[in-house]
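Taken together, the values in this text are just the output of simple stated rules run on the coordinates, not laboratory data. In this text, all values refer to a predicted model and were calculated from it rather than measured experimentally. So basically every Cβ, Gly included, is an ideal-geometry build from the backbone, and we count neighbours across all protein chains shown.
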């Protein structure tokens, strides 16, 4: 039997894999569950591994596979699934996945999406202009956490080794600060935007690709402004 936190984390990981095909990071798990540190996430993940609900895929960073779900959570494969909060019961007596109050039926699939601004294309290769747009993109709530979000269509292949492909939609949480190793939207010289992994070294900002065919872009700090952090992806087939 799973604790509520273990259950919530399992459903969150399952949702992310079903939606994007990419495991959430430990930071994303921490924020989704409202934990204060990543050590709590490690304990929950280890517990799920020990109980054979998930497994770690060897030789791949951030790679988790859901092996099974609790019997009562079988409807998790429907598009309406959403992570329960600490105030929500995990599973309604009827077997439906709870969406905020115990025992309520899941709302229609259309209600399981949130529209966020779609601001045009962003380069995963060389920087290109990030076009403003009045378009909206419907996003599963499981991809979003606290804060404001926007989406950008990815152009290029420089982040393929991070699982980010040309034509994907990058889901971005607005932020002006990020940690080394975060994948960010960086605005270069106030005119061009690019999606890269952030590192700082010797007083310079390094925007690093995830493709050996591309070189790291190195700038003076005043030339780069962080616009947001990548929190999810959506892909069309």
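Observations
- Spherically averaged projected area of the convex hull of Cα atoms, the stretch 160-201: 3.8 nm².
- Of 29, 159, 1, the sequence from fewest to most neighbouring Cβ atoms within 10 angstrom is 1, 29, 159.
- Length added when fully stretched, residue 135-residue 180, from 0.36 nm per residue minus Cα-Cα: 13.1 nm
- Shown here: the stretch 114-234, whose C-alpha atoms stretch 41, 27, 24 Å along the first, second and third principal axes, sorted largest to smallest.
- Among 172, 49, a tally of other beta-carbon atoms within 10 Å of each Cβ gives an order, fewest to most, of 49, 172.
- Counting beta carbons within 10 Å around each of 194, 216, 19 and listing the fewest first gives the order 216, 19, 194.
- Using the Cβ-Cβ distance between residue 49 and residue 161 with R0 = 25 Å, the FRET efficiency computed as 1/(1 + (r/R0)^6) comes to roughly 0.50.
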